[in-house]
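Below is one structure, written out as structure tokens; the observations come after it.
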Amino acid sequence: MGKKAKKEKKGKGAEKTAAKMEKKVSKRAKKEEEDLEALIAEFQTLDAKKMQVLETICPPPLPRLNASLSAHPEKDELILFGGEYFNGQKTFLYNELFIYNIRKNTWAKIDIPNPPPRRCAHQAVVVAQGGGQLWVFGGEFASPDGEQFYHYKDLWVLHLASKAWEQIKVAGGPSGRSGHRMVVCRRQLIVFGGFHESARDYIYYNDAYAFNLDTFAWVKLAPSGVAPSPRSGCQLATTPEGNVLVYGGYSKQRIKKDVDKGTLHTDMFLLKAEGSEKWAWTRLTPSGVKPTPRSGFSVAISPNNRSLLFGGVHDEEEEERLEGDFFNDIYFYDLAKNRWFPGQLKGPKSEKKKRRRGQGAELSSSALPEGSGETHPGPVEIVKEVVAEDGTIMTIKETISGPTVEQQSSESESEEDVTGGEASGQQVEPCPRSNAMLAVKHGVLYVYGGMFEVGDRQFTLNDLYALDIHKMEEWKVLVEMDPKTQEWLEESESDEGEEAEGAEGGEEEEGEDSEEESDEEDEEAEEHPSIQPNEKYTDYLSRTEQYWVKLARQHLGPDAKEKKVLKVGHAMAKTFYEGSA
């Protein structure tokens with residue numbers, strides 16, 4: 001048997017196995033989806049009571065992740081739809097629609113009759129026709145306890161000019177899924193990958209579908225070549241030639257009963273259009289500085305035919321527990337040159353001029369490990385502290401990619417525009433996170449929300465940052481994170497009979513604390529060593545280091561390593577110093 005015949009036989013075998021698994025998953029999921037359909041229908045009945053479009057100026061949306069953020073094709077607006085929030089006990093799902101006005105820096109909530117049901121991990125894309133359209137496909141709904149899942153396979157369009165939702169009911173589309181990716185290519189919506197999960201089983205996909213925006217018909221693509229392995233959460237982008245790029249993603253497989261193994265994919269493929277209906281898979285080997293392995297990263301298309309990747313998380317087993325390294329770095333992929341390169345801030349213009357004179361090209365000393373007297377090409381780890389409203393100190397471990405010899409010597413001028421070098425001094429930047437929402441408008445990148453974890457606690461965000469991709473000088477904070485929205489309930493705090501209310505989402509004020517707790521926080525803060533007039537941070541740390549290390553030990557416990565205690569102590573001191581300055 002020839003190699004080609006063996007490959008074909010292997011491919012058919014894999015398809016047969018996948019079909020069996022999907023049938024098995026669908027069968028077991030049917031019962032729990034029937035249970036959730038009643039809950040979804042109940043919420044849709046409430047939504048049906050909305051008889052007219054209502055636009056209300058409002059505060060920033062509540063924290064969420066796995067929503068969609070899209071740039072309006074004709075107006076200076078961003079469109080936020082859906083998402084989820086978990087407070088330690090209950091899962092909240094949203095189908096709210098928010099509009100962010102870029103020029104005014106204001107949020108408005110748009111209530112429109114008969115919207116799509118609540119969901120997260122869906123996909124949304126915009127097209128410019130008919131005054132602008134937002135197309136939404138798939139996603140999932142979870143029960144309040146997070147134990148049951150309903151995966152959508154519906155397709156919706158929001159007519160932006162008339163502010164009207166419309167469900168497009170056409171057969172032949174992808175099966176129910178979430179975590180898939182969707183792009184606009186050649187007047188078609190291209191959907192790839194994703195997963196479907198029940199309480200006991202799951203399946204990941206590597207199939208591709210096309211929805212024609214002119215004929216309103218679904219077609220399952222049958223590309224030649226070897227396809228990417230099944231995955232969710234990958235990067236999907238349309239190239240200038242009208243092909244589709246696939247990078248990375250995540251999947252897991254069961255290696256034995258109740259034991260799953262996760263895989264972080266770092267490979268890249270091109271879904272190439274070879275005619276009106278013919279497609280082919282080819283594997284790519286990009287050059288440059290590739291992103292480190294991660295899942296939960298966010299993507300957007302930036303100017304100059306570049307795809308942008310932000311953040312994510314890399315989970316590692318450490319001392320019998322799972323710890324995640326969260327990122328807030330940026331990588332660009334040049335779609336024309338098949339090349340990766342990191343995006344690093346240049347800093348203020350004064351710093352930029354110094355670099356042109358051959359000065360300041362190194363990493364700032366504040367970004368290097370202690371005792372380091374030279375620039376290291378590897379990533380640099382920084383520990384930050386965030387204090388929640390309830391007084392909990394959250395330790396955030398941040399990894400910043402350092403420059404490489406290849407990058408410094410061979411990057412073209414156009415790439416230098418977005419790579420730059422790390423700015424000296426303290427820079428404002430989004431904290432490391434995964435599953436954030438990204439959008440690019442007029443060459444400006446907007447990052448909203450997402451989450452990170454510390455121990456068993458999940459920290460969900462609702463902050464908004466902006467970065468001019470052309471200048472790459474500094475992040476701007478448009479909406480700060482509000483500690484009052486950070487609610488985390490332990491299992492012992494659960495109240496009976498709240499599940500259905502929690503599943504609805506969008507109506508509950510979260511994270512309210514008593515005045516007594518706030519007073520206690522103020523008293524505790526006053527006990528920290530005060531900063532002397534005009535005292536530099538290095539002098540303050542030298543004088544108070546023993547106090548902060550002792551405080552860090554109290555928070556981390558007696559089993560924490562000395563190195564980690566020292567890092568956290570320094571981070572706490574710096575947080576207090578900067579907050580009091």
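The values are calculated or read from the model by the stated rules, or taken from the named source; none is laboratory data. Remember, predicted model here, so these are calculated numbers, not experimental data. So basically every Cβ, Gly included, is an ideal-geometry build from the backbone, and we count neighbours across all protein chains shown. Note: areas computed on protein heavy atoms with side chains; ligands, DNA, RNA excluded. Shrake-Rupley method; radii C 1.70, N 1.55, O 1.52, S 1.80 Å.
In region 183-194, the qualifying residues are those that are at pLDDT 95 or above and open to solvent by 10 Å² or more (accessible area, probe 1.4 Å), and the one that is farthest from Cys234 (Cα to Cα) is Gln188. Is it the case that some residue within region 59-72 is at pLDDT 95 or above, touching a His at 6+ places or on another chain (Cβ under 9 Å), closer than 30 Å to Gly176 by Cβ and hydrophobic (A, V, I, L, M, F, W, C)? Among the residues of region 59-72, at least one is at pLDDT 95 or above, touching a His at 6+ places or on another chain (Cβ under 9 Å), closer than 30 Å to Gly176 by Cβ and hydrophobic (A, V, I, L, M, F, W, C), which makes the answer yes. Checked across region 273-293, the condition of being buried (at least 18 other Cβ atoms within 10 Å of the Cβ), in contact with a Cys (Cβ under 9 Å, 6 or more places away or on another chain) and at pLDDT 95 or above holds for no residue. For region 216-257, taking the residues that are aromatic (Phe, Trp, Tyr) and not in a loop (DSSP other than H, G, I, E, B), the one that is least open to solvent (accessible area, probe 1.4 Å) is identified as Tyr247. The number of residues in region 59-108 being in a strand (DSSP E or B), closer than 19 Å to Ile40 by Cβ, among the aromatic types (Phe, Trp, Tyr) and open to solvent by less than 10 Å² (accessible area, probe 1.4 Å) comes to 3. Can you name the residue in region 119-171 that is free of Cβ contacts under 8 Å to residues at least 40 places away in the same chain and among the aliphatic types (A, V, I, L, M) and, of all such residues, is surrounded by the most Cβ atoms within 10 Å (Cβ to Cβ)? Once the filter is applied, the top-ranked residue is Val157.
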